[in-house]
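The values are calculated or read from the model by the stated rules, or taken from the named source; none is laboratory data. Note that the coordinates shown come from a computational prediction; the quantities given were computed from them, not determined experimentally. Note: ideal-geometry Cβ built from the backbone for every residue, glycine included; neighbour counts use all protein chains shown.
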Amino acid sequence: VQGSPRRPPLLLVLDLDETLVRVACEGVHRNRKLLRSDFRVLVDVGTPPSHVTFGCDIALRPGIESFLEWIKTRRSEGALEGPWVFTTATPALTKELLKKMDPGGKVFGMRVLTREACSPARMPGFFLKDLSRIPATSSEGGTKRAVLVDNNPVSHILQPESSFLVRDWLGRDYADSE
């Protein structure tokens, strides 16, 4: 509507594993099978001087390429800010994944929060995602206009009003359109 004040952009925050991708690392995910792998990354999880490297196969959720293009378009129109990656994955895996998913950093850039930015839940092995950890932005709405897209309901506990729950992407259903 012409003459209406423009709303601040939405701050888009995306999870990785089981939301945008499915990861199967040799020696780590023994029972995790992918129908196909879109690419493979090597992840060094050792502490120098020792190195422990795992080969990880990655299956992208169907439609991810067009989704990332849609994000760039909406951002250039001023409707979206970010996006941010907020994942419980390790920094090493996240870095290698994003090198392949977003070469040159045109979508995510340095807007990445990994496991260290998550808050441990009272239940061991689960992590909470606190959107207030995202640095202040230029938008008027700030994190009040944030939307976390994640497959894990536990991730949404701290800000359920800012959450969008998606079905798990397990690397099997290539007809997935979520």
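Listed values, structure above:
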quantity: Selection within the range 35-56 - surrounded by 13 or more Cβ atoms within 10 Å (Cβ to Cβ), at pLDDT 90 or above and part of a loop (DSSP other than H, G, I, E, B); calculated: 37, 38
quantity: So residue 78, is it surrounded by 15 or more Cβ atoms within 10 Å (Cβ to Cβ) and either of a type in the set (S, T, N, Q) or touching a residue at least 24 places away in the same chain (Cβ under 8 Å) (or both); calculated: no
quantity: Filtered residues of the range 22-60 (kept if β-branched (Val, Ile, Thr), within 16 Å of residue 97 (Cβ to Cβ) and free of Cβ contacts under 8 Å to residues at least 12 places away in the same chain); calculated: 53
quantity: Number of positions in the range 5-34 that are at pLDDT 95 or above and of a type in the set (S, T, N, Q); calculated: 1
quantity: Where residue 167 falls short, out of the listed (1) of a type outside the set (Ser, Thr, Tyr); (2) in a loop (DSSP other than H, G, I, E, B); (3) modelled with pLDDT under 95; calculated: (3)
quantity: Residue check for residue 132: hydroxyl-bearing (Ser, Thr, Tyr) and either outside any helix (DSSP H, G or I) or more than 26 Å from residue 43 (Cα to Cα) (or both); calculated: yes
quantity: Criterion violated by residue 78 - all others in (1) in contact with a Lys or Arg (Cβ under 8 Å, 6 or more places away or on another chain); (2) part of a strand (DSSP E or B); (3) not basic (Lys, Arg) satisfied; calculated: (2)
quantity: Pair list, Cβ under 7 Å, 6 or more apart: the range 95-124 residue under 18 Å from residue 149 (Cα atoms), other residue at pLDDT below 95 and polar (S, T, N, Q); calculated: 114/90; 115/88; 115/90; 118/88
quantity: Criterion violated by residue 19 - all others in (1) assigned to a loop (DSSP other than H, G, I, E, B); (2) touching a residue at least 24 places away in the same chain (Cβ under 8 Å); (3) surrounded by fewer than 19 Cβ atoms within 10 Å (Cβ to Cβ); (4) not small (Gly, Ala, Ser) satisfied; calculated: (3)
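Here's the yes/no breakdown for (1) assigned to a loop (DSSP other than H, G, I, E, B); (2) surrounded by 19 or more Cβ atoms within 10 Å (Cβ to Cβ); (3) out of contact with any His (no Cβ under 6 Å at 6 or more places or on another chain):
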site	(1), (2), (3)
73	no, no, yes
93	no, yes, yes
99	no, no, yes
104	no, no, yes
108	yes, no, yes
122	yes, no, yes
144	no, no, yes
